[in-house]
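The structure's right below; bear with me while I get my questions together.
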Amino acid sequence: MVPQERAWRRLLITFVVLCVWAALPAWGVQITRGPYLQLQTPDSVSVVWFTDSACTGEVEWGLTTSYGNLAQSTQPGTYHEIAVTGLSPDTLYHYRARCDSAPLSGDATFRTAPPSGASAVSFSFVGDSCSAPSNCTATYNAMLSQSLNGFCVTLGDLAGRGEDNITDYWQSHFFTPAAGFIKHVCMHTTIGNHELYDETATYVYPTRYLANWSPPTASSGSEFYYSFDKAHVHFAAVDTFWSSYASGSAQYDWLAGDLAGTTQPWKIVFGHNGPYVSEDGSSNGSTTMRTSLVPLFEQHGVDLYLHCHYHNYQRNVVNGVCYIDQGT
């Protein structure tokens, strides 16, 4: 082969390789957070993840690892929230995240919520998990091995300093240690005091908290407090640190109307702070909660209030309402 022919062939091969490389989807794009699940209903769920560069997000889904169905975004970005719709209630589905047709995650599963009015629902709850990431991994792995994983409600303090501008505590304290859990189980979150801390331990607006989570806001118009139904249970998430919940506040008025309006036979409220607790003998809980939210709980027949914040397991029943501090 004469040198000129060899040179032209090398040039042609280089050109073909470059054309193929340019056509490859999302070349080099990496997931930096997720995937994880939000907005679980009997017939839908949203899959969320972040990437290090912009691409068009897609979710392959189906009853098996053959998938067979595709949901996708309409525009590229680094934040991806894809609604998977047209599902059957209480059904296990397989899924994986893609960008520009290239698979980015391995296979994972989720289960849709049971149908409205179903007689049974299972869920887990967790909070104050931010202080020891290594223990957090073991906790979430243990939770995943149990059967009570229809969904999970979180009670706040998932990140040591959620608004820290130096260290990404959301990643190190939650998204990395809980990665194996949150790709399978939908999380319904509420805010604690640590989500508000910046690097100087000053309370600031929780921009990062809001960027990570997509709560069902239709009932309240707020991402800080909201409600949803699962089977025959009505759940309400309250914000006990950023938004006022004093009598006459927007959150108080919303909760009063929300609890009065539900027809579900069971009512569960969850938040970070609690009204009846003992902390080393020096605290008996939030007095503001006892004068504002507790009367609403009692008036509207709330069965259970879940919280954490005080770092030890406690359970009280006061005027028919059960209060559980889940510990840490």
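Read the figures in this text as sums done on the coordinates, not as results from a lab. It should be emphasised that the depicted structure is a prediction, and the values quoted were computed from it without experimental measurement. As a convention, Cβ positions derive from the backbone with ideal geometry for all residues, glycine included, and neighbour counts pool all protein chains shown.
Provide the packing ranking of 304-311, 119-126, i.e. peptides ordered by the mean count of other C-beta atoms within 10 Å per residue, highest first.
Descending packing order for the listed peptides: 304-311, 119-126.
A further question follows. In the neighborhood of Gly261, defined by Cβ-to-Cβ distances under 13 Å, what is the net charge if each Lys or Arg adds +1 and each Asp or Glu adds -1?
Summing Lys/Arg as +1 and Asp/Glu as -1 gives -2.
Name the helices (complete DSSP H segments) of the chain with a Cα length along the long axis of 20 Å or more and a Kyte-Doolittle mean of at least 0.0, or state none.
The answer, listed by residue number, is 3-23.
Once you sort the root eigenvalues of the Cα gyration tensor of region 187-328 as a ≥ b ≥ c, which label holds: rounded (a/c under 1.5), prolate (a/b larger than b/c) or oblate (the other case)?
Oblate is the answer for region 187-328, as a/c is 1.5 or above yet b/c matches or exceeds a/b.
Considering only DSSP beta bridges where both residues belong to region 203-300, give the percentage that are antiparallel (nearest 5).
Percentage antiparallel, nearest 5: 50.
Among Asn273, Tyr225, Pro295, which residue has its Cα furthest toward the positive end of the charge dipole of region 190-328, with +1 on Lys/Arg Cβ and -1 on Asp/Glu Cβ?
Among Asn273, Tyr225, Pro295, the one farthest towards the positive end of the dipole of region 190-328 is Pro295.
May I ask you to order 33-39, 153-159, 165-171 by the average number of other C-beta atoms within 10 Å around their residues, highest value first?
153-159, 33-39, 165-171
Grab the DSSP H runs of the chain that are 4 residues or longer, score each as -39,500 (n - 2.57), total them, divide by all residues and round the 222 nm result to the nearest 500 deg cm²/dmol.
Result for the chain, helices only: -6000 deg cm²/dmol.
Now a separate question. I want the antiparallel fraction of DSSP beta bridges within the chain, as a percent rounded to 5.
70
Another question about this same structure. Please report, in debye to the nearest 20, how large the charge dipole of region 159-290 is about its Cα centre when each Lys and Arg carries +1 at its beta carbon and each Asp and Glu carries -1 there.
With only Lys, Arg, Asp and Glu charged at Cβ, the dipole is about 420 debye.
Just one of [x] 18.8, 57; [y] 23.2, 96; [z] 21.1, 74 is Rg and Dmax of the Cα atoms in Å as worked out from the coordinates here. Which one is it?
Entry [y].
Could you grab the relative contact order for region 124-326? Cα pairs under 8 Å, six or more apart, rounded to a whole percent.
Computed over region 124-326, the figure is 17 percent.
Pick from Glu298, Glu223, Glu60: which is most flexible by mean-square fluctuation in a GNM of the chain where alpha carbon atoms under 10 Å apart are linked?
Of Glu298, Glu223, Glu60, the Gaussian network model singles out Glu298 as fluctuating most.
Once amide H atoms are placed 1.01 Å from N in the peptide plane, what residues at a sequence separation of 5 or more from Thr189, or on another chain, have their amide H within under 5 Å of its amide H?
For Thr189, whose amide H was placed from the backbone, the distant partners under 5 Å are Thr154.
Hey, another quick one. Grab the Cα-Cα distance for Ser222 and Ser66, subtract it from 0.36 nm times how many residues apart they are, and report the gain in nm with one decimal.
52.3 nm
Taking the Cα centre of region 31-111 as the origin, how large is its charge dipole in debye, to the nearest 20, when only Lys and Arg (+1) and Asp and Glu (-1) carry charge on their Cβ atoms?
With Lys and Arg at +1 and Asp and Glu at -1, about 100 debye.
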